[in-house]
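Trainee: Dropping the structure in here first, questions after.
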Amino acid sequence: MRWLVGILMTLFLIAPAWAGQVCVYKSTGKLLEYQSHATPGTCTGNAINAGIDPTTIREKQVTDKQWDTIREKWIGKPARDKAALKKAKRDAAIDKIRQATGLTTQEIKDVFGR
């Protein structure tokens, strides 16, 4: 029994920490889908069911660290960029209104509730 526990512990320690499966477009590397602890083929099957040509995608297993990198590149950074663009447009609109009306930035924010 002790040897079985030893073998299991050894396998557990040397096994990579798989986060799951990702499916990406071959041409761009853009993330299509992520499945945590999925069976190989799950993401590809889902893509086929969605009408995506299976020759245009690639499915692979990723570690937690790899998933963090992919998630940051394709989800985190674009979301922050979109929020920054929205804020810049809002600030530009406030400046335009401020210049046209002579109101202060705070007065404009009070009027529009933002």
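Trainee: Could you list all residues from the stretch 78-114 that are touching a residue at least 24 places away in the same chain (Cβ under 8 Å) and either surrounded by 12 or more Cβ atoms within 10 Å (Cβ to Cβ) or under 13 Å from the mean Cα position of the chain (by Cα) (or both)? Lay out the reasoning, then the answer.
Mentor: Here is the first cut: in the stretch 78-114, the residues touching a residue at least 24 places away in the same chain (Cβ under 8 Å) are 90, 114.
Residue satisfying the conditions is R90 alone.
Trainee: How about the stretch 54-64: which of its residues are at pLDDT 95 or above and either out of contact with any Ser or Thr (no Cβ under 9 Å at 6 or more places or on another chain) or assigned to a loop (DSSP other than H, G, I, E, B) (or both)?
Mentor: Passing the criteria: only T55.
Trainee: Are there any pairs, at least 6 apart or on different chains, whose C-beta atoms fall under 6 Å, with the first in the stretch 16-45 and closer than 17 Å to I57 by Cα and touching a residue at least 24 places away in the same chain (Cβ under 8 Å) and the second crowded, with 16+ Cβ neighbours inside 10 Å and of a type in the set (G, A, S), and if so, which?
Mentor: Taking only residues 6 or more apart or on different chains, the pairs are G20/A38; Q21/A38; C23/A47.
Trainee: Another question, if that's okay. Of all residues in the stretch 52-77 being among the charged types (D, E, K, R) and loosely packed, with under 15 Cβ neighbours inside 10 Å, which is nearest to T28 (Cα to Cα)? Outline the logic, then answer.
Mentor: Residues of the stretch 52-77 among the charged types (D, E, K, R): 53, 58-60, 64-65, 68, 71-73, 77.
Retained after the next criterion (residues that are loosely packed, with under 15 Cβ neighbours inside 10 Å): 53, 60, 64-65, 68, 72-73, 77.
On the way: D53: 15, K60: 15, D64: 21, K65: 20, D68: 18, E72: 16, K73: 12, K77: 16 Å.
Looking at the filtered set, the residue picked out is K73.
The values are calculated or read from the model by the stated rules, or taken from the named source; none is laboratory data. These numbers were taken from a predicted model, which means no experiment stands behind them. Cβ atoms come from the backbone with ideal geometry, glycine included; neighbour counts cover every protein chain shown.
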